[in-house]
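Since the structure comes first, as structure tokens, the remarks are kept for the end.
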Amino acid sequence: MIRKRIRLTGAVQGVGFRPFIYRLARDLGLNGWVLNDASGVQIEVEGEGPAIRKFIELIPVRKPAMAHIESLEHKALRPVGYTKFEIRMSLGREERTVQVIPDIATCGECLSEMNTKGERRYRYPFTNCTNCGPRYTIIEKLPYDRPSTTMSGFTMCPDCKREYEAPEDRRFHAQPIACPVCGPRVTLTDAKGRKVAERDDALIQSAKKVGEGLILAMKGLGGFLLICDARNLATVKRLRAKKYREEKPFAVMFPTLEEIKEHCEVAPQEQELLLSPQSPIVLVKKRGKGGIAENVAPSNPFLGVMLPYAPLHHLLMDELGFPVVATSGNKTDDPIAIDNDEALQRLGGVADFFLMHDRPILRRVDDSVVRVVGGQTMMLRRARGYAPKPVPFANPDGIHVLGLGGHLKNTIGFSQGNNIFVSQHVGDLEAYEALQSFNEILASLKDLYEFSPDTVAVDLHPGYISTKVGEDMVQSGSKGAPDLQRVQHHHAHIASCMCDNGVDGPVLGVSWDGVGYGTDGVAWGSEFLVSTFNDFERLAHFLPFRLVGGEQAARRPSRSALGTLYQTFGDDILSDRLSEVPAISCFDRNELVTLRDCLKTGFNSPLVCGMGRLFDAVSSIIGVRQECSFEGQAAMELEFEAYRGTKGSRALAYEYEIRSGKPAVVDWRPIMRGIVSDHFARVKRSTISLKFHQTLANIIREIADNANMNRIVLSGGVFQNALLTSLVGKAFKGSLMKVYMHKSLPPNDGGISVGQVAIALARSR
Ligand code: ZN
Ligand code: ZN
Ligand code: FE
């Protein structure tokens, strides 16, 4: 007879881990107990030696599907003579390092129960079990137990209680367990909050309204979604006007996978993502078949599609039987609404009806967006289903670093144990509401993990709101106030991709985005940085050019184009010869002369070198887009342009020059000359675009060869471009150099916070 204590860390709570341990112990005839504590799961088992060995061996093999074991330690103790195996009350004393589980899409068993007449939960919109349901959006504090969730206000009925306590049951210790008798209920109200219908009738009425072309605000898992008929051009147009969202693509929720496949090409890997427990929005190629209104994703060969992921969505989509626009419940870039009253107030002018319920949402969590690039999943927006999953990072001294991220697509990161946790997508810190949401998420993470930072890491940019928040944190508390670490933006990008791939420096980091504050106070954005976690050296960058209006003009690609053309052709931009270039002909003569004067004198025209601006310039020069209605639109459409009719064509490229120096400078003026002359030679826009992409891949290869580096790390928003990323991959085929791209963190500024934390940790060693 022996006794062992076993400690497990990782994603082991909220995934049915204790019930699993209970059954395994019982099957092997072992006595003892299991409990959750703040760092994971503790077990004691007592019994015959071979049975205990078997027990330890089988834990990682038979663990629940959503569980992830980070460490398993065990030690022998003197037997005490347990007489049964039990699940004990959770402890809440130690450091909070256990991983909070993201929300999990409805499982097959729950779904079939909901669809079976006579079942207790037939058509019940809050059905869940230990394998599925809300987690992160309802957890108030750790360890994860019902009283610590927003389900605490619902008292279990005798039937639910029986299931909750029965080891054989799928709902054994399922914390959000609920049924029509004791659980949350739905209500349909009008835009003023007046009740129109409740329970099943609310669902049926909601579907009817959407079918009639009305806009429905529906309370989901991490916030309200705005829903309307995706086939109805007029309705979608109305939604765009009310949401102040001109052209940015909307995501579409389809009732079934089969229907997605009717409208879009779905590769096996994309299908797997759609059906996964994370159930994200997946960007897939449109089939060009009618049915979805053109203004859902205008002039875009891709469509963001998803499947129902919570019982309420399933029931509504079954009732509807057609695809709907499903977009975050907000106006433009505000945070998603979560409270019923908040939704009525903020979305009252947008939605016609509100499908609400009385289970509170604790955290704003948007739908995640992913794309498959060259056989690899690329995260574009990391939120529901993924947040707050961490990336591993060695932190032997257990230092607590908080990374406050950048400005756009903000996220918050922090180190806890040997992990860097990362918050859900917070959004652009432009509006007052976004800043509120940033503070709210920051407070809730600090609360959840009882986190108080030793160090706060911020962007080098003195004007970012996130930087100011960090500076305030350092100044306010006199005693025990954290240190401040300022981290260069592009270095943070590279560090985040290094974390994402578990690689150490030195690497050649290629960090391309719109703009980031450089160590010299100038805007950077086309960086080649030889990086370690500690430090970096600026090896090369692209030639800067003047942008009239500076970053304010980032949404006007024609301004970027004019800056690059002036740099290339000087006063010739006013000549007849160049007057037919679309980027020039879109201005009237007077405006053109004024802008040229600004470029000449530098008046209100700071130097920029962001790769995003260079993409804008090319997009404008060849007439793809002159004005953007959302960030990155011109660059995105330039990528799409390259897909048109270029299949199998040989990848030609433009000339360029690399001027050696410290740092070296990539002179792109030969590229611009080549593009303009191709334009005059009536070379197709798709070919020009492809050649431009290929040229950039060639440049990366040449600089990597010269630098004699064998690990290349790609990060920054520009690498959301699937064509560029795959061409870079191809450029290194057959070489000994390995190219690392992002996997579970986004290449855009959503990854910055993790990079900041990693760099601050490395510096503190
Ligand atoms: Zn389930
Ligand atoms: Zn019940
Ligand atoms: Fe960036």
- Note on the structure: The set of residues whose placed amide H lies less than 5 Å from the amide H of residue 378, leaving out same-chain residues fewer than 5 positions away, is 371, 372, 373
- Tell me, what HN-Hα J-couplings in whole Hz come from the Karplus equation 6.51 cos²θ - 1.76 cosθ + 1.60 at θ = phi - 60° for each residue of the range 656-662, using x for Gly and Pro? 8, 9, 10, 8, 5, x, 10
- Message: Please compute one quarter of the surface area of the Cα convex hull for the range 491-530 and express it in square nanometres.
- Response: 2.7
- Message: For a quick check of your reading of the filter: which GluC sites (Glu not before Pro) in the range 562-639 sit in a DSSP loop and have no more than 16 other Cβ atoms within 10 Å?
- Response: 627
- Could you point to the residue in 418, 55, 406 farthest towards the positive end of the chain's charge dipole, with +1 and -1 charges on the Cβ of Lys/Arg and Asp/Glu respectively? 55
- Query: Are there cysteines in the chain with no other Cys C-beta under 4.7 Å, and if so, which?
  - Reply: 110, 129, 160, 179, 228, 264, 497, 499, 586, 598, 609, 628
- For labels at residue 258 and residue 89 in the simple 7 Å Cα→Cβ model, what's the distance in nm? 5.2
- Do the sum for the chain: with -39,500 (n - 2.57) for every DSSP H run of n ≥ 4, divided by all residues, what is the mean residue ellipticity at 222 nm, to the nearest 500 deg cm²/dmol? -10000 deg cm²/dmol
- Task: Determine how many Å³ per residue the convex hull of the Cα atoms of the range 370-433 encloses.
- Result: 107
- Item | Kirkwood Rh and Cα Rg combined as Rg over Rh, evaluated for the range 207-259 | 0.96
- Task: For residue 161, list the aspartates and glutamates whose Cα falls under 13 Å from its own Cα; do not include residues on the same chain fewer than 8 positions away.
- Result: 169
- For the range 542-588, what mean projected area does the convex hull of the alpha carbons give, in nm²? 3.5
- Note on the structure: Using the Kirkwood radius over Cα pairs of the range 414-573, the Stokes-Einstein translational diffusion coefficient at 20 °C and 1.002 mPa s, in µm²/s and rounded to a whole number, is 118
- So the FRET efficiency between residue 471 and residue 593, C-beta based with R0 = 60 Å and rounded to 0.05, is 0.90
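If each residue of separation counts as 0.36 nm, what is the full-extension length gain between residue 159 and residue 196 once their alpha-carbon separation is subtracted?
Values: separation 37, 0.36 × 37 = 13.32 nm, distance 3.02 nm.
Computed gain between residue 159 and residue 196 is 10.3 nm.
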- Residue by residue through the range 601-615, the couplings from Karplus 6.51 cos²θ - 1.76 cosθ + 1.60 with θ = phi - 60°, in Hz, x for Gly and Pro, are 8, x, 5, 6, 9, x, 6, 9, 8, x, 4, x, 5, 5, 4
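Considering only DSSP beta bridges where both residues belong to the chain, give the percentage that are antiparallel (nearest 5).
Once the DSSP bridges in the chain are tallied, antiparallel ones form about 75 percent.
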- Task: Report the trypsin sites (Lys or Arg not before Pro) located in the range 212-316 that are in a DSSP loop and have at most 13 other Cβ atoms inside 10 Å of their Cβ, or state none.
- Result: 289
- Where the eigenvalues come from the Cα gyration tensor of the range 73-224, what are the semi-axes √(5λ) of the equivalent ellipsoid, largest first, in whole Å? 37, 18, 13
- Item | Fewest-first ranking of 333, 571, 667, using other Cβ atoms within 10 Å as the exposure measure | 571, 667, 333
- Working out 0.36 nm times the residue gap between residue 76 and residue 241, then minus their Cα-Cα distance, what length gain in nm do you get to one decimal? 52.7 nm
- Item | ³J(HN,Hα) computed for each position of the range 68-80 - Karplus, 6.51 cos²θ - 1.76 cosθ + 1.60, integer Hz, glycine/proline x | 9, 8, 8, 8, 9, 10, 9, 9, 7, 10, 6, x, 10
- Message: Sorting check: for 175-181, 682-688, 346-352, which peptide has the highest mean count of neighbouring beta carbons within 10 Å, and how do the rest follow?
- Response: 175-181, 346-352, 682-688
- Task: Mind pulling up the Rg/Rh value for the range 186-361? Radius of gyration and Kirkwood radius, both on Cα.
- Result: 0.94
- Query: For the chain, the longest stretch holding no chymotrypsin sites (Phe, Trp or Tyr not before Pro) located in a DSSP loop with at most 15 other Cβ atoms within 10 Å is which?
  - Reply: 245-602
- Task: Calculate the translational D of the chain in whole µm² s⁻¹ from Stokes-Einstein, where the hydrodynamic radius comes from the Kirkwood formula applied to all Cα pairs, the temperature is 20 °C and the viscosity 1.002 mPa s.
- Result: 77
- Task: Please report, to two decimal places, log10 I(q)/I(0) for the range 54-139 at q = 0.11, 0.19, 0.20 Å⁻¹ as given by the Debye formula with identical point scatterers on the Cα atoms and no solvent.
- Result: -0.53, -1.12, -1.16
- Treating every alpha carbon of the range 147-285 as one equal point scatterer without solvent, the Debye formula yields log10 I(q)/I(0) values at q = 0.09, 0.12 Å⁻¹ of -0.43, -0.74
- Query: One-quarter of the Cα convex hull surface for the range 693-765, in nm²?
  - Reply: 5.7
- Item | Rule-of-thumb Rg ratio for the range 336-471 [Cα; 2.2 N^0.38 Å; N residues] | 1.17
- the range 1-28 and the range 152-172: distance between their alpha carbon centers, rounded to Å: 20
- Query: Which lysines have a Cα less than 28 Å from the Cα of residue 4, not counting those fewer than 8 places away in the same chain?
  - Reply: 54, 63, 75, 84
- Message: About the Cα centre, and with charges only on the beta carbon of Lys, Arg (+1) and Asp, Glu (-1), how big is the dipole of the chain? Nearest 20 debye, please.
- Response: 1120
- the range 1-72: GluC sites (Glu not before Pro) in DSSP coil with no more than 16 other Cβ atoms inside 10 Å: 48
- Rounded to a whole number, what is D in µm²/s for the range 491-630 from Stokes-Einstein with the Kirkwood radius over alpha-carbon pairs (20 °C, 1.002 mPa s)? 134
- Message: Pairwise over distinct Cα atoms, reciprocal of the mean inverse distance: report the Kirkwood radius of the range 100-183 in Å, one decimal place.
- Response: 12.9
- Query: Taking H as built 1.01 Å from N, whose amide H comes closer than 5 Å to the amide H of residue 400, not counting residues under 5 places away?
  - Reply: 454, 455
- Cut-off under 5 Å, modelled amide H: who pairs with residue 484 long-range: 456
- Message: Under 8 Å for C-alpha pairs, at least 6 residues apart: give me the relative contact order for the chain, rounded to a whole percent.
- Response: 11
- Item | Distribution of pairwise C-alpha distances over the range 229-283, 10 Å bins, in % | 20, 44, 29, 7
- Message: Rg and Dmax in Å for the range 2-87, alpha carbons only: what are they?
- Response: 11.7, 33
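Bear in mind that the values in this text are calculations on the coordinates, not laboratory data. Since this is a predicted model, take the numbers as computed values, not measurements. Quick reminder, even Gly has a Cβ in these numbers, built from the backbone with ideal geometry, and neighbours come from all protein chains shown.
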